[in-house]
1. Got the relative contact order for the range 1-156 handy, in percent, Cα pairs under 8 Å and 6 or more residues apart?
2. Averaging over every viewing direction, what projected area does the convex hull of the Cα atoms of the chain cover, in nm²?
3. So what's the net charge close to residue 286: Lys and Arg +1, Asp and Glu -1, counting the other residues with Cβ under 14 Å from its Cβ?
4. Return a whole-number percent for the relative contact order of the chain, with Cα pairs under 8 Å and 6 or more residues apart as the contact set.
5. Only bridges whose two residues both fall in the range 32-240 count here: according to DSSP, what percent of them are antiparallel, nearest 5?
6. Principal axis extents for the range 32-240, Cα atoms only, whole Å, descending order, please.
7. Sticking with the crude label model, points 7 Å out along Cα→Cβ, report the distance from residue 295 to residue 312 in nm, one decimal please.
8. Within a Cβ distance under 14 Å of residue 74, other residues only, what is the Lys/Arg minus Asp/Glu net charge?
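Nothing in this text is a laboratory measurement; each read-out follows from the coordinates by a stated rule. Quick caveat, the model's predicted, so the values are computed rather than measured. As a convention, Cβ positions derive from the backbone with ideal geometry for all residues, glycine included, and neighbour counts pool all protein chains shown.
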Amino acid sequence: MKQASAAHPAGKSYVLEPASNLSGTVKVPGDKSMSHRSIMFGAIAHGVTEVSGFLEGEDSLHTLDAFRCMGVRIERGGPGEVTLYGNGVAALVPPAKAIYLGNSGTGMRLLTGLLAGMNIPAVLTGDESLTGRPMRRIVNPLAQMGASIGTGEGGTPPLSIAASGRLEGIEYTCPMASAQVKSAVLLAGLHANGRTTVHEPAVTRDHTERMLRGFGVEVSVDGLSASIDGGQQLTATSLTVPGDISSSAFFLVGASMTPGSNLTLTGVGMNPSRTGVIDILRLMGAQIQVTNERVTGGEPVADLLVTGAALQGIEVPEHLVSLAIDEFPALFVAAASARGTTVITGAEELRVKETDRIQVMADGLRALGGDIEDTPDGAIIQGKRLAGGVADSCGDHRTAMSFAMASLIADGPITVLDCDNVNTSFPGFAGIAGAAGLHISEREADQIAEPVS
Ligand code: S3P
C-alpha cells in the first residue's frame, strides 16, 4: 500500500478547518457501477446507444478508452453524454497493446469475463492499487468455463487473456458476496455454450442483470441465483445513469451526524441492493427522508432530504454489509461521531478494496484522535469529538472523502493526504463539499493552500 507523510505527501492533499454542518442542495456525479456497464454493453450491442448522466471519472473513462482501443466508435457530447456506435461482438478487434484500467477493480473484473467469453485475447493492467488486488476470484470460475487467463504472482494483475475458443456455461457457487465476480461469470456466460448460473451467499448489486435486460437480454433471477443463456445479442438502447449513492454517502453521513444540517441530495440511485447505507444510518438515529421517487433506465431514483441529529452507536446488522459495502469508510466516520459504541462485523471484504479500508480508516481515525479498534472483519468504534491532525487516505478515493467529512466532528484542522484518486469516482468533490459547508482547500504536493469555500 502506498504510504505518504505530511512532509512528503503523494499527490494532492485536502486541508480542512473545522466545520459545523451541511446545507443546500447537492447533485452528485453519475453512478460508477452503471457507467462502466453502460459502456461495456453499448459497445457490444447492435445499433446506437445514447448514455446520459455518465460518470466522467477516471475509472469509467478507462473503460471507455478500452473499447475505443478495440475499434468501437464512441463519441462524448455535453457533460455526461456518451454515444456508442455498436456493431456487435464480431466488430471488436483485439487490442494492439495492454489495456490500462487505472484504479478500477470493476473495469478489470467485468472486462475479463466479457473478453474471455468473446474469445478476444488481451492483456489488462492497472495502477499500483489494482495490480495488488486478488483476481483468482474471477480467474478460477472463468477457467472452469474453459478460459485461459494468466495472472501475476499471487493471482494479481496483469491478466493475460488467451483466445481459447467458445466457453462452456457453468453453475457456480460464489464463495464471497461480490457483484464483480457474479458479473464476470454472467458476462462470460453471455457468449458461452448453454446456460450459466451464479449462486451468491448474500445480495449484491444487480446492475448487470437490470441493464442487460434493458439491452434486450434475458436474465433470470431466483432469490440469490442469476442465470443467463449463452448466444444472446444485445440491442442498443438509451439510458440515463442516476447519481451515485456511494458518492452521496459522504454527504448523507456529514449531514446526518451534525445537528443543524439541512441538506437535499437530488437524483440519487436507490437500487435496493445499494441502499444499506440509509438503513444503517437510520438505525443510528439519522433523519433521512426519501422523496420524489421515480424510475429511470430500469433503476429507482429519488431525492433525499437529510436533517442533522446526534447519532448513536449500534451493532451493524451483518445482512446490511453487502448492501453498503462501498459506504463503510463514511460509516466509520458516522460511528466516530456517535454516542456509545458501534460494532462492525462480517465486513472482511473491506480489506481487499482499493486499499485495506479497515486498516486505513482505523489508522486515520486514530491519527485524528478517534477511539477505534480494528478487527479481522470490521471494527469497534467509540464515538467522541476528534482532535484533528493528519490522516493518510493511502490513495483511496473513498477514505479520502470520508476523512474530509471528519472535519465536521473535529475541534482542530485536518489534512488528508494522497487525494488524487478522488477523481476516479467524484471529480469536483472539493468544490461541491465546500459549497455545502466544509471549509476545504486543495493543496498540491508543493503548493500553498487555495481555499475553495
Ligand atoms: C462493484 C461491486 C463492488 C463494489 C465496487 C463496484 C460493481 O465490489 O465494491 O466498488 O460495480 O460491481 P464487489 O462486488 O467485489 O464487492
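1. Numbers: 203 pairs, mean separation 28.4, N = 156.
RCO, the range 1-156: 18 percent.
2. Numbers: hull surface 75.8 nm².
Averaged projected hull area, Cα only: 19.0 nm².
3. Values: positive: 282, 339; negative: 279, 327.
Local charge sum for residue 286: 0.
4. Across the chain, relative contact order equals 20 percent.
5. Just about 70 percent of them are antiparallel.
6. 42, 37, 31
7. Between residue 295 and residue 312, the label points sit 3.8 nm apart.
8. Computed value for this residue: -2.
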